[in-house]
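Structure first, commentary second.
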Amino acid sequence: MDSSLTILIFLGIFFSFPIILRLLFCKKSKYKVANILLATAFLSIVSYALNHFLFITGLIVYVPIYYRIAKPFYYLIPPCIYLYIILISSPDKPRFFWWHFLPAALMLLDIVPWIVIGGNERYQIVNSILKDPAKVFETAHNLYPVWIHSVLRPAQGVIYICYLTIHLQKMKDDEKYKLNDTRYKDYYQWVLVLVFSEIAMYLSLTCHTIITFMNIDNNGISKLAIYLPGMSMCVSFIFLCSYVYTHPSLTCGYTPKIKKPAIDDFSPEVSKTIYPVFSDEALLVYQNCIEFQLRDNYLFKQKGLTFHQLAKYCRVPKHAFSFLLTNVYAMHFNNYINEYRICYIIERLHSQEWKELTLEGLAHEAGFSSRTTFFLAFKKKIGMSPTLYLQKFNKTQLAISSKKSD
């Protein structure tokens, strides 16, 4: 059993290094940060696997310092995979980007006492763990109690897996990902492979930690109970490496360009050929319904509002809505929604009710998902930036106030 697990770990480490190097040095990639994140995730898994390899083979006694050096890497795996998927599938950079690495940074401090102690003492500690694996839970030369790692690592993995599961569902439901297209199906499948590999690794890690903590082997239960989680981790990692080898474009920043559904990019020529004829009365009813929901119910405040969501909410046929956008409003869906948002913001500015909010806060309230989108939409509609508009508006208000006082 030891030899089988050793071979699996060695294979996982061996096959990982070409992937890491290609991710880091692929010149064709347009997504350097995403590639670095994925390379860091692979490197972190390798560091964890190498630690197990050194313990199983007994070689850890020759490099006892590595025993705790690898621990901060454990906390890089979930955030790196999460941020990699978010970066390559979302138009906006996720918020609190560097905050995700705070646990790893805190755990980096935990290895300082281990580095400071003498090499002979490190050797004795590692040698005692080799003889009795349960001693891995004894606190010695740590800033934090050892049990914290056993709790935080699985908890961190579960939290990020939950976030990724939500993101996967969003990708499945959102029309902009075009999952009916072969290329996008392959992309979605790659994300699924990453998520399920992470689930398998962290589930195995949790089982391995629990079994070691209970010291099952000393209670007469077969070593199979200890090695099965380890083998499960190795198999899931080797499968992940194999998938990358069979899809080499992944290591060059494989990122299909996510676009809005084609229905958002309307042109009069297309509308004349594919949209059926609607009566004037029906179109007027549909138009009034859409405008009522946007104007009176402030439906435009919903972030990420899509063409399909609005049509479904208003119970308006999609073809009729498309016809209205092209032939009545003469604008794309995003521009149409942003018009309502800009008008709402200007109305708030004039009413002086926004004093407790920043411009960005007001834009966020109006439904804009990012500061850049808000500024571009505002300038396109008004002809100047929100800041300049606010300055001119304040000057006008001051001039009016001074005239009244005179």
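One table, with the values for the structure above:
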{"item": "Selection within segment 336-357 - of a type in the set (S, T, N, Q) and either under 27 Å from the mean Cα position of the chain (by Cα) or farther than 21 Å from M384 by Cβ (or both)", "result": "N338"}
{"item": "Any hit, segment 321-332, residues being closer than 30 Å to N394 by Cβ, in a helix (DSSP H, G or I) and either among the basic types (K, R) or in contact with a Ser or Thr (Cβ under 9 Å, 6 or more places away or on another chain) (or both)", "result": "no"}
{"item": "Count of residues meeting criterion [without any contact (Cβ under 8 Å) to a residue 60 or more places away in the chain, under 19 Å from Y75 (Cα atoms) and either assigned to a helix (DSSP H, G or I) or within 28 Å of the chain's Cα centre (by Cα) (or both)] in segment 116-153", "result": "3"}
{"item": "Segment 85-105, subset in a helix (DSSP H, G or I) and exposed (fewer than 15 other Cβ atoms within 10 Å of the Cβ), residue modelled with the lowest pLDDT", "result": "W98"}
{"item": "The one condition in (1) of a type in the set (S, T, N, Q); (2) surrounded by fewer than 15 Cβ atoms within 10 Å (Cβ to Cβ); (3) under 30 Å from the mean Cα position of the chain (by Cα) that Q391 fails to fulfil", "result": "(3)"}
{"item": "Among (1) surrounded by 15 or more Cβ atoms within 10 Å (Cβ to Cβ); (2) hydrophobic (A, V, I, L, M, F, W, C); (3) farther than 26 Å from T57 by Cα; (4) at pLDDT 85 or above, the one test that W114 misses", "result": "(3)"}
{"item": "Residue check for V285: modelled with pLDDT of 55 or more and closer than 30 Å to V191 by Cα", "result": "no"}
{"item": "All positions within segment 352-386 that are crowded, with 17+ Cβ neighbours inside 10 Å, small (G, A, S) and outside any helix (DSSP H, G or I)", "result": "G367"}
{"item": "Residue, farthest from Q309 (Cα to Cα), within segment 354-385, restricted to residues that are among the acidic types (D, E) and touching a helix residue (DSSP H, G or I) at 6+ places or on another chain (Cβ under 9 Å)", "result": "E360"}
{"item": "Among (1) free of Cβ contacts under 8 Å to residues at least 24 places away in the same chain; (2) within 22 Å of L192 (Cβ to Cβ) - the single one I19 does not satisfy", "result": "(1)"}
{"item": "Hey, L349 assigned to a helix (DSSP H, G or I) and either of a type outside the set (S, T, N, Q) or at pLDDT 85 or above (or both) or not", "result": "yes"}
{"item": "Qualifying residue in segment 61-75 (condition: surrounded by fewer than 13 Cβ atoms within 10 Å (Cβ to Cβ), of a type outside the set (V, I, T) and assigned by TED's automatic domain parsing to the domain that holds V191)", "result": "yes"}
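Conditions tested, residue by residue: (1) part of a helix (DSSP H, G or I); (2) modelled with pLDDT under 80; (3) surrounded by fewer than 16 Cβ atoms within 10 Å (Cβ to Cβ).
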| residue | (1), (2), (3) |
| --- | --- |
| S197 | yes, no, no |
| L205 | yes, yes, no |
| M231 | yes, yes, no |
| Y245 | yes, no, yes |
| K257 | no, yes, yes |
| F266 | no, yes, no |
| P276 | no, yes, yes |
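The values are calculated or read from the model by the stated rules, or taken from the named source; none is laboratory data. Note that the structure is predicted; figures quoted are calculated from it, not measured. Every residue, glycine as well, gets a Cβ built from its backbone with ideal geometry; the counts of neighbours run over all protein chains shown.
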